[in-house]
Structure formats: C-alpha cells, structure tokens
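A.B. asks: After the structure tokens below, expect a handful of questions from me.
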Amino acid sequence: MSTIQLDEKIYFYLLFIIPVLVVLFVLLQIWKKRTQLKFADSSLLKKLTPNKSSFKATLKLILLLLGLAALTLGLVNPKIGTKLETVKREGVDIVFAIDVSKSMLAEDIAPNRLEKAKRLVSEIINQLASDRIGIIAYAGQAYPQLPITTDYGAAKMFLQNMNTDMLTSQGTAINAAIDLASTYYDDEEQTNRVLFIISDGEDHSEGTTLDAVEEATEAGIRIFTIGVGKTKGAPIPIKRKGVVESLKKDNKGEVVITKLNQEILIDIAKEGNGEYIDGSNTEEAVNYIKDQLLQMDKKEFEAKQFAEYKDQFQWFLAAGLLFLFLDIFVLDRKTEWLRKLNLFNEKQSS
C-alpha cells in the first residue's frame, strides 16, 4: 500500500501545450500537402522523394509530446510514501455543518454567503494542527461530506466542491445537521466535541432545532454558530453560466428577500454551550475561533499516516530527456531495414 503526494500541481498547466502542438502539427501537414500538390501530383512526389517516410513526422511528434509530458510530471515532483506508521496526536474533534440551501447564494456578503462560509471553514482548517475534523452539508436534509479525519487536504477538496445543487431537498433543517453531526464523534473518551454551524440562520425545522441541540449537549457536544449574511437581507440571484438571469420569486410572484437570522443562531449557540460568531470579518472570526480551541483540553489519540515520502521527479526527467533525445535523432527519411521489412505496406518506388 502506498500514497502519492504532488509537490507543485501548478505545473500541470504546462500540459495545455500538448493539444496546441497537435493542432499546429495537423495544420502544418495540411499546408505542406496543399503546397506540394501545387507543383506535382502524389505519384510524382513519391518518385521525387522515395526515401521520405510517411509516418516519421508523426513519430517525432509523439516523442516530443511524451518528452514534454514527462518533463512536466518531473516539475510537479510526485512523491511516494510507502511506510505507514502510527503516531500520537493531541486534538479536538470538530465537525463543520455548512448550509447549502439556495438562500446561501445571496450576495449581501461577497462573493456570496456560501463562498464566504467555505472560505471561513478553509481558514479555520489552516489554523488547526492535529485536531480531527468532519464536514456535513445540509439544506432540507443533512448529508455527510467527510467523516471525522486528520486529512486536511481531503477536507479542503470536499469543501471546495460543495454547492447549492448537491442536495435535492431544499429548505433549511438545522436539526437534521445537528442529529447527523452527533453520529460523527466515534471516540467515546473524547471530552471536547465541537460542532460549528455555518449558516444564514434560516430554519424550517418547525421548532425541533432546540430539541436537537439539547440532545447534542447531553452527548457532550459544544455548538458554535457562525452567521453569514446581512440582517437587512438580499435577493437570491438565479444564474446561468455566471450571468444573472432573474431573481428567485415566491408563489405570489414577488422577489424573495433572504435575511440573516441572528436570533436563532444565538439561541442555538447559547443552548449548545457555545458562542455565536459574526462571520462578516473572516480574520476576526478565525482568530476568535482559534483562541476558543486553544483553551480546550486536548485528548491524545493514535492516527495512522504515511511517512518517508521519496521524490520521484528524477525518473520523469530522465524519461523526458530520453524522449527528446530520440526525437532529435529520428529523421524524416525512411529507415533502411524497416523499409525492407515493409511493415506499413508502403509501395516500393521503381
């Protein structure tokens, strides 16, 4: 069993050169053929250039592309970790419940409420050292995104993929998110269990939210709420390919204005032995949360992780240079011994 790390993913953009070169090669071949046909027909051209290979140009292109691809992978520098070891870590179990209902598309906080929520969670993760984290998405129902883990890279990947179309049931059921979060904490000895609810406070769970909070606190879970949005509210844009087509309307045809409901978020945090945090200023919110987490007792736990990652860039660089070396020494003319074998069924010129 092994795992792979990629050091410099940004160099993958160099691979876009490959389709550009393919297109240029095809256009060049078309231009060459048309230009040659202006002077002589195909049969005469074959007699005039009997040693010209019809496939060597393509072979040279393939070697060049393979060389560029291998060199690009070398710049990315894949690392392979083959040793799995158990390490001792100390931390808190943290679950993030993120509201992905349509109201989170409101743009009263830039760029919109959902993107703001994702940025807040990402910045909080950046401040963590050895805590375990999990992620939940919720709207009309709650959906597990990432089980409790120490893999912050995976957490950020799942976080960035969250959107308002991932759940079919609309509405906002905070109670469902709390109930699901309660199942995440798999360590009975963990004394510090924290749930962050990131939302605009809209709640359609018909008064059952505080009941869910009470059950969660009895299970030893502290609930913090982070409000995103403005109390004056904003419409919900309906976009197509990034362009606003219309605004969401209710059954009466009136534009829906969604407002930050601080009251319900404050009540949840109060009942959950936590705090309500204004998410408008990312830096202030993250620093406050960092201080709160530092004050909590850390529990020691065991975690498995890959160690002794070894660089593999040298293999790709060597392969890339080999392909480019072969490309230089492959000529456009036919290879004599291949010509005698006639593997490609080419007609011999007289």
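A.B. asks: What percentage of the solvent-accessible surface of region 170-312, computed with a 1.4 Å probe over protein heavy atoms, is contributed by carbon and sulfur atoms?
C.D. replies: The value for region 170-312 is 43 percent carbon and sulfur by accessible area.
A.B. asks: Taking the Cα-to-Cβ direction at TYR11 and at GLN170 and moving 7 Å from each Cα, how far apart do the two end points lie in nm?
C.D. replies: 4.7 nm
A.B. asks: Another question about this same structure. State which entries of LYS116/LYS270; LYS116/LYS298; LYS248/LYS270; LYS38/LYS60; LYS102/LYS270; LYS9/LYS241 exceed 31 angstrom in Cα-Cα distance in the structure shown.
C.D. replies: LYS248/LYS270
A.B. asks: If each Cα of region 181-300 is one equal point scatterer, what is log10 of I(q)/I(0) from the Debye formula at q = 0.11, 0.12 Å⁻¹?
C.D. replies: Debye curve over Cα of region 181-300, log10 I(q)/I(0) at q = 0.11, 0.12 Å⁻¹: -0.49, -0.57.
A.B. asks: Could you compute the FRET efficiency for LYS249 and LEU27, with r as their C-beta to C-beta distance and R0 at 51 Å, rounded to 0.05?
C.D. replies: Between LYS249 and LEU27 the formula returns 0.50.
A.B. asks: At a 10 angstrom cut-off on C-beta neighbours, averaged per residue, how do the peptides 284-291, 113-120 rank from highest to lowest?
C.D. replies: Order by mean packing, descending: 113-120, 284-291.
A.B. asks: Once the Cβ-Cβ distance between LEU75 and GLN262 is put in as r, and R0 is 45 Å, what FRET efficiency do you end up with, to the nearest 0.05?
C.D. replies: Plugging the Cβ-Cβ distance into 1/(1 + (r/R0)^6) gives 0.40.
A.B. asks: Let me ask you something else. Contour minus end-to-end for GLU284 and HIS204, with contour as 0.36 nm per residue of separation and end-to-end as the Cα-Cα distance?
C.D. replies: 25.9 nm
A.B. asks: Kindly report, to the nearest 10 Å², the accessible surface of MET166 as traced by a 1.4 Å probe over protein heavy atoms only.
C.D. replies: The accessible area comes out at roughly 60 Å².
A.B. asks: As an exercise, use a Förster radius of 22 Å and the Cβ-Cβ distance of ASN161 and ILE4 to find the FRET efficiency, rounded to the nearest 0.05.
C.D. replies: Computed FRET efficiency for ASN161 and ILE4: 0.65.
A.B. asks: So what is the accessible area of region 193-262 per residue, in Å², with the probe set to 1.4 Å? Walk me through the numbers before you get to the answer.
C.D. replies: Working: 3880 Å² over 70 residues.
Accessible area per residue, region 193-262: 55 Å².
The values are calculated or read from the model by the stated rules, or taken from the named source; none is laboratory data. Small disclaimer: the values here were computed from a predicted structure and weren't measured. With ideal geometry, Cβ positions are generated from the backbone for all residues, glycine too; neighbour counts draw on all protein chains shown. Areas reflect the complete protein model, heavy atoms only, side chains present, ligands, DNA and RNA absent. Shrake-Rupley method; radii C 1.70, N 1.55, O 1.52, S 1.80 Å.
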